[in-house]
Amino acid sequence: MSGKNDVKDPFFEEFKRVLDSTSLVTARMIESITINSQLASSYTPEMQELFHSWLELISREIFKDIPVSTEQTLDLQDLSNSIGITKSTLLSLILYLYRKGEIEVSSVIIRKGNQENLEICHDLK
């Protein structure tokens, strides 16, 4: 005699998959919050000074090949590779320099991406 439990309900299976996925996302969020809290509590005056020194050092790398008062087109991939940072970090630094008034951004060339968020983990399966 075959019971109801022998047949897998597609709705139930999908619900279970979503629930498992939600659990993983929640665990990652909690981990991220914990790491951010740990970093925030470690942001002492000495750490602030070290971070600002790093920002200035990396910022100089951006300017190293650009003559004063000359426009320059930057290849983000080449520059980020030569400095040893990601393109996302480089873009953040460019925005930092722009906000400080150290650079002017007069044009941006973009193209369609591959629909992958580079700032998150993609192994949630």
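The values are calculated or read from the model by the stated rules, or taken from the named source; none is laboratory data. Small disclaimer: the values here were computed from a predicted structure and weren't measured. Cβ: placed from backbone, ideal geometry, glycine included. Neighbour counts: every protein chain shown.
Taking segment 98-117 as the region of interest, how many residues are of a type in the set (A, V, I, L, M, F, W, C) and out of contact with any helix residue (DSSP H, G or I) (no Cβ under 6 Å at 6 or more places or on another chain)? Before you say what the answer is, go through the steps one by one.
Quick first cut of segment 98-117, residues of a type in the set (A, V, I, L, M, F, W, C) only: 103, 105, 108-110.
When the remaining residues are screened for being out of contact with any helix residue (DSSP H, G or I) (no Cβ under 6 Å at 6 or more places or on another chain), the result is 108-110.
Result for segment 98-117: 3.
Tell me which residues, restricted to segment 1-45, are modelled with pLDDT of 80 or more, over 25 Å from the mean Cα position of the chain (by Cα), assigned to a helix (DSSP H, G or I) and acidic (Asp, Glu).
Glu13, Glu14 - these are the residues of segment 1-45 that are modelled with pLDDT of 80 or more, over 25 Å from the mean Cα position of the chain (by Cα), assigned to a helix (DSSP H, G or I) and acidic (Asp, Glu).
Can you find even one residue in segment 63-79 that is loosely packed, with under 10 Cβ neighbours inside 10 Å, assigned to a helix (DSSP H, G or I) and in the same structural domain as Leu95 (by TED's automatic domain parsing)?
Checked segment 63-79: at least one residue is loosely packed, with under 10 Cβ neighbours inside 10 Å, assigned to a helix (DSSP H, G or I) and in the same structural domain as Leu95 (by TED's automatic domain parsing).
Sort out which residues of segment 36-62 are of a type in the set (Val, Ile, Thr) and exposed (fewer than 10 other Cβ atoms within 10 Å of the Cβ), and write them in order of number. Break it down into steps so the answer makes sense when it comes.
Pass one, segment 36-62, residues of a type in the set (Val, Ile, Thr): 44, 58, 62.
Thr44 - this is the single residue of segment 36-62 that is of a type in the set (Val, Ile, Thr) and exposed (fewer than 10 other Cβ atoms within 10 Å of the Cβ).
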